[in-house]
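Notes to accompany the following structure.
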Amino acid sequence: MRIIGLTGGVGMGKTTVSEYLKTRYKLPILDADVYARAAVEPDSPILSRLAERYGPEILLPTGALNRSRLGDILFNDAAERRWIEQQIHPYVRHQMTTDLHRLVDQGCPTVVLVIPLLFEAGLTDLVTEIWVVSASQQQQIERLKQRDRLNLNQIQARIASQMPITAKIAEADVVLDNSSSSEALFQQVDQALMGRD
């Protein structure tokens, strides 16, 4: 079975690649961000622990997580980021592994795990190959400004919180260069996927 670990820097195009693999090749996609959101749903034990540690301002009036407030903590305090990740990462790993086993049992030949923190969270053992999506830092900054409406300080904090893209590239089986057009990116994806078949 082929288990592709898709990663890269924030704002470099992981979602673009995973959407393409899903629509063009009908591959099952397991996205760590989806599991991470589920981990902190209202009334979840993890959200309760966050509220205990950070007080009521970590919650919206609806009882849902105040993501903006969590982001302020995550990206400005390395020690607190580690604590938060220790709450969320085991849940993500467990849920992802459960769904992966189900797909293995169904005989899926290829599964894509989209894991932004593949290296940082120590999840490389779940995959058989690593694909890293990369782009220049300037493109990364522009995309994050447009996509997330962040200022430069917020963007730089997010970039700094992750392993440098050069280090990720050094560990990659496949590097997808997302610095030009979508067509060029998709051609690289096609080659990477077919190159192993």
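The values are calculated or read from the model by the stated rules, or taken from the named source; none is laboratory data. Just so we're clear, the structure is a prediction, and the values are computed from it rather than from any experiment. All Cβ positions, even for glycine, are placed from backbone atoms using ideal geometry, and neighbour counts span all protein chains on display.
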Discussion item. Condition (residue is within 15 Å of the chain's Cα centre (by Cα) and outside any helix (DSSP H, G or I)) applied to the range 80-97: is it met by at least one residue?
Written reply: no
Item to complete: Considering only residues that are of a type in the set (Val, Ile, Thr) and closer than 24 Å to residue 150 by Cβ, look in the range 41-70 and name the one that is farthest from the chain's Cα centre (by Cα).
Response: 62
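Would you mind stating whether residue 88 is among the β-branched types (Val, Ile, Thr), out of contact with any strand residue (DSSP E or B) (no Cβ under 6 Å at 6 or more places or on another chain) and more than 26 Å from residue 14 (Cβ to Cβ)?
It is false that residue 88 is among the β-branched types (Val, Ile, Thr), out of contact with any strand residue (DSSP E or B) (no Cβ under 6 Å at 6 or more places or on another chain) and more than 26 Å from residue 14 (Cβ to Cβ).
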Practice prompt. For the range 1-48, name all the residues that are farther than 13 Å from residue 96 by Cα and of a type in the set (Asp, Glu).
Written response: 19, 41, 43
Worksheet, complete the sentence: Scanning the range 157-179 residue by residue, those within 16 Å of residue 20 (Cα to Cα) and not hydrophobic (A, V, I, L, M, F, W, C) turn out to be 177, 178
Fill in: Test result for residue 162, surrounded by 13 or more Cβ atoms within 10 Å (Cβ to Cβ), on the phi < 0 side of the Ramachandran plot and assigned to a loop (DSSP other than H, G, I, E, B)
yes
Worksheet item: Name the pairs whose Cβ atoms lie under 6 Å apart, with the first residue in the range 44-58 and among the small types (Gly, Ala, Ser), the second part of a helix (DSSP H, G or I), and 6 or more positions between them or separate chains?
Response: 51/58
Worksheet entry | Residue match in the range 14-34 (condition: modelled with pLDDT of 95 or more and more than 30 Å from residue 180 (Cα to Cα)) | no
Practice prompt. Looking only at the range 185-196, decide whether some residue is at pLDDT 90 or above, surrounded by fewer than 17 Cβ atoms within 10 Å (Cβ to Cβ) and farther than 22 Å from residue 2 by Cα.
Written response: no
Worksheet item: residue 65 is checked against (1) surrounded by fewer than 15 Cβ atoms within 10 Å (Cβ to Cβ); (2) over 23 Å from residue 123 (Cα atoms); (3) touching a residue at least 12 places away in the same chain (Cβ under 8 Å) and fails just one. What number does that condition carry?
Response: (1)
Worksheet item: Being at pLDDT 95 or above and at positive phi, is that true of even one residue in the range 67-90?
Response: no
Discussion item. If the requirement is being touching a residue at least 24 places away in the same chain (Cβ under 8 Å), in contact with a Pro (Cβ under 9 Å, 6 or more places away or on another chain) and either within 21 Å of residue 84 (Cβ to Cβ) or not acidic (Asp, Glu) (or both), which of these qualifies: 127, 189, 111?
Written reply: 111
